[in-house]
Amino acid sequence: MAVNVPGLVVVVIFYIIILFIGIWASRKSKKAEKTCAGTKSEVTIVGGRNISVLVGVFTTTATWVGGGYILGNAEVVYSPKQGLIWAIGPPAFAINLILGGLFFAKPMRSKCYLTMLDPFQHRYGNMFTATLLLPALVSDILWVACILAALGGTMSIILGLSSAVSIIISAAVSIFYTFLGGLYSVAYTDVIQFFFMFFSLFLCIPFVVLSPAVADISVHLNQSNVNSWVGELKLADAGKWADEMLLLALGGLAYQALYQRILSAASSAQAQITCLAAAGVVFIMGIPSVVIGAMASIADWNQTAYGLPPPFERGEAGKILPLALQYLTPTWLSVLGIGSVAAAVMSSVDSILLSSASMFTQNIYKTTLRKQASERELQWVIRVAILLVGLAGMGLAFKGESVFALWLLSTDLLYCIILPQLICVLHLICANSYGAICGYIVGLLLRLLSGDSILGIPPVLLFPGWREEDGVITQYFPYRTLVMLCSLICIITVSKMVEVGFHQQLIPQSWDLLRVFKKKKENQGEEVPLPQGEENTTLSARL
């Protein structure tokens, strides 16, 4: 396939603009380091906590509306076995941000944390916090892989450019400006990327709908084959649908990328407003993908240069959005479309890179490995971590798995393991280290035993309704939600049982190996200093 030179030039110009804005924002970050009351690492991680509501809404939306969101929704609507009813991304992400604003923004921002792992460190200590970093890191790498794979497939179709080259260039640009400016570069490039995504994607809708290859929509609405794009939800599939909906709606609450935006706000109220406003915008941004996927499902591909068989029969359902842009819209518009996907990808990649790097630097390196590290050293650790996470995600992106499948998998570990821990540490006073450790083990063990086809892990636990399709076992029971609830219940139950055991002296105090209750007693036994001038009065009273 020949390279689309005009399209390539447009994309290169777009990348140069983004790079220029990232460099400009990095200079703004340097100025903030001099004027901000916080440390240099705080400016890098949370932008000195002075990101405005408007910029916060744009950067939150741009982060959530990534390549997985745009291509994944179109893939699901187009696929004959799924359809519109399975396009759970827009409502799930809207619910996710609403819940984040109502229940998680205030307790996180009011205590001035720097990362999602800070509350764990304050309550449970460094060792357990380090174990939580692992699933968070794996999830971020999978998310990077998902959206870079989405971009690689899109560029290879529309520009005729090698998928590997597209992935490498996009990753390099994102890594570079995130490396330079931290959250400032991420936030301000996200603003430009958001507007580009919004206008180019919505501009594509009328051209796709009015394409000669797309049949009259009214005809399809009056025929029984409306299910070709609307889809249907059978009772036997309801468990799987509910599981995926809850996975995306609740699992996102355990993303550091969300808390990076919350913690960068000037106040708790501003953080809540940012989340609630972004929820509506994220939902709206899902409309173009859904419409394009629906139109592609009723299109007569034989009237296009693509020909027959259609994309689904060729195993290219995951690339349906770029295919629709390439064959159902004018050439100039397909180039704008690839720009929108590139914008979506970079706006998510930069956020994920900074998220992982922030958690490692703040919660592992600074508190455990190098407690005396200087601010300059911490900034370089963040940069090296950004590079390593980017390279790891880029390597996985070459595998070319289904975008929607990688999208779900990236949230999986967070939903099953970290979400129940986060709920307990923020909202339940009774939670302690013993319950947290048991909940972690139960969640991880049950999730591994449930298997995963993408990672090639065969299921040991077969839940009701499982099916074997093409030699692969698929679980139709909402097993991820069950695993999450088991972990949550385990944390609460074990925490209460251990607390009662020690307080009622049913368990010897010498068995408190983690010093949870010894520390409480020590803190309760500490003498509270009296105000100046009251010491003599108190002493006289005692005499």
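What the table shows:
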{"item": "Listed peptides 17-26, 506-515 by packing density, highest first (mean Cβ within 10 Å)", "result": "17-26, 506-515"}
{"item": "Cross-link partners of residue 40 among lysines (Cα-Cα below 26 Å; sequence separation of 8 or more within a chain)", "result": "28, 30, 31, 106, 111, 366, 371"}
{"item": "Contact order relative to length of the range 1-102, as percent, for alpha carbon pairs under 8 angstrom and 6 or more apart", "result": "11 percent"}
{"item": "Protection-proxy order for peptides 460-466, 112-118, each taking the mean of Cβ atoms within 10 Å per residue, highest first", "result": "112-118, 460-466"}
{"item": "Angle in degrees between helix 516-525 and the longest Cα principal axis of the chain, rounded to the nearest 10", "result": "50 degrees"}
{"item": "Long-range HN-HN contacts of residue 452 with modeled amide H, under 5 Å", "result": "457"}
{"item": "Charged-residue dipole, Cβ positions (Lys, Arg, Asp, Glu), the chain about Cα centre, Debye nearest 20", "result": "1520 debye"}
{"item": "Length-normalised contact order of the chain in % [C-alpha pairs under 8 Å, at least 6 apart]", "result": "26 percent"}
{"item": "Calculated [θ] (222 nm, deg cm²/dmol) that DSSP helices of n ≥ 4 give over the chain, each run adding -39,500 (n - 2.57)", "result": "-22500 deg cm²/dmol"}
{"item": "Rounded FRET efficiency, nearest 0.05, which uses the C-beta distance separating residue 102 from residue 509 and R0 of 51 Å", "result": "0.80"}
{"item": "Cα-projected label distance for residue 16 with residue 469, points at 7 Å along beta-carbon direction, nm", "result": "4.7 nm"}
{"item": "Area projected by the alpha carbon convex hull of the range 334-491, averaged over all directions, nm²", "result": "13.2 nm²"}
{"item": "Charge dipole of the chain about the Cα centre (unit charges at C-beta), most positive-ward option of 509, 73, 498", "result": "509"}
{"item": "Cα-derived Rg to Rh of the chain, Kirkwood definition", "result": "1.03"}
{"item": "Stretch gain in nm, segment residue 202-residue 235, where the contour uses 0.36 nm per residue and the Cα spacing is subtracted", "result": "8.4 nm"}
{"item": "Taking 438, 430, 490 and counting other C-beta atoms within 10 Å, the order from fewest to most", "result": "430, 438, 490"}
{"item": "Calculated from backbone phi, Karplus (6.51, -1.76, 1.60) coupling profile of the range 73-90 in Hz, x at Gly/Pro", "result": "5, 5, 4, 5, 5, 6, 4, x, 7, 10, x, 4, 5, 9, 7, 8, x, x"}
{"item": "Approximate spin-label separation residue 172-residue 242, in nm, with each point projected 7 Å along Cα-to-Cβ", "result": "4.9 nm"}
{"item": "Net charge of Cβ neighbours under 11 Å - reference residue 186; Lys, Arg +1; Asp, Glu -1", "result": "-1"}
{"item": "Label-point separation in nm, residue 209 to residue 303, each point 7 Å along Cα→Cβ", "result": "1.7 nm"}
{"item": "For the range 337-397 and the range 439-468, distance of Cα centres in Å", "result": "30 Å"}
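Only the coordinates and a few stated rules stand behind these numbers; no lab work does. Note that the structure is a prediction, hence the values are computed from the model and not measured. Every residue, glycine among them, receives a Cβ derived from its backbone with ideal geometry; neighbour counts consider all protein chains shown.
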